[in-house]
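Visitor: Have a look at this one.
All of the numbers you see were taken from the coordinates with simple rules; none came from a lab. Computed from a predicted model, the values in this text were never measured in an experiment. Note: ideal-geometry Cβ built from the backbone for every residue, glycine included; neighbour counts use all protein chains shown.
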Amino acid sequence: MSHVYSSGFAPDPNDAVDVLAFVLCPLEAFAPGAGPDEIAAVAEMIAPAKEEAVRRWQEANRVRQAN
């Protein structure tokens with residue numbers, strides 16, 4: 001299976017701006033020119049990654065605040 005999206009950008013999971021940029025990025029950015037069915041498939045695949053990005057940022061933020 002080929003990659004749906006590829007980029008040289010490596011977001012910092014501890015940076016709120018990077019996490020927000022990823023989470024708020026429209027699905028069409030991951031599948032340019034895709035139809036409704038493809039966008040739905042992208043949404044299904046990327047939703048867990050977006051949730052995990054937020055979870056990791058929240059955990060890192062808790063650790064920072066505790067120190």
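Visitor: Which one of Ala47, Ala29, Val17 has its Cα pushed farthest toward the positive end of the charge dipole of region 16-66, where Lys and Arg give +1 and Asp and Glu give -1 at the Cβ?
Guide: My answer, from the dipole projection, is Val17.
Visitor: In whole Å and largest first, what semi-axes does the C-alpha gyration tensor of the chain yield when each eigenvalue is scaled by 5 and square-rooted?
Guide: On the way: eigenvalues 147, 27, 18 Å².
Working from the Cα gyration tensor, I get semi-axes of 27, 12, 9 Å.
Visitor: Multiply the residue separation of Val54 and Leu27 by 0.36 nm, subtract the distance between their alpha-carbon atoms, and state the gained length in nm to one decimal. Don't skip to the end; give the middle numbers.
Guide: Numbers: separation 27, 0.36 × 27 = 9.72 nm, distance 1.67 nm.
So the extension gain works out to 8.0 nm.
Visitor: Tell me the label-point distance for the pair Ala43, Ala66, using the 7 Å Cα-to-Cβ offset, in nm and rounded to one decimal.
Guide: The modelled label-to-label distance comes out at 3.6 nm.
Visitor: Right, another one. What are the ³J(HN,Hα) couplings of region 49-54, residue after residue, when phi is run through the Karplus curve with 6.51, -1.76, 1.60 and θ = phi - 60°? Round to Hz, x for glycine and proline.
Guide: 5, 5, 4, 5, 4, 5
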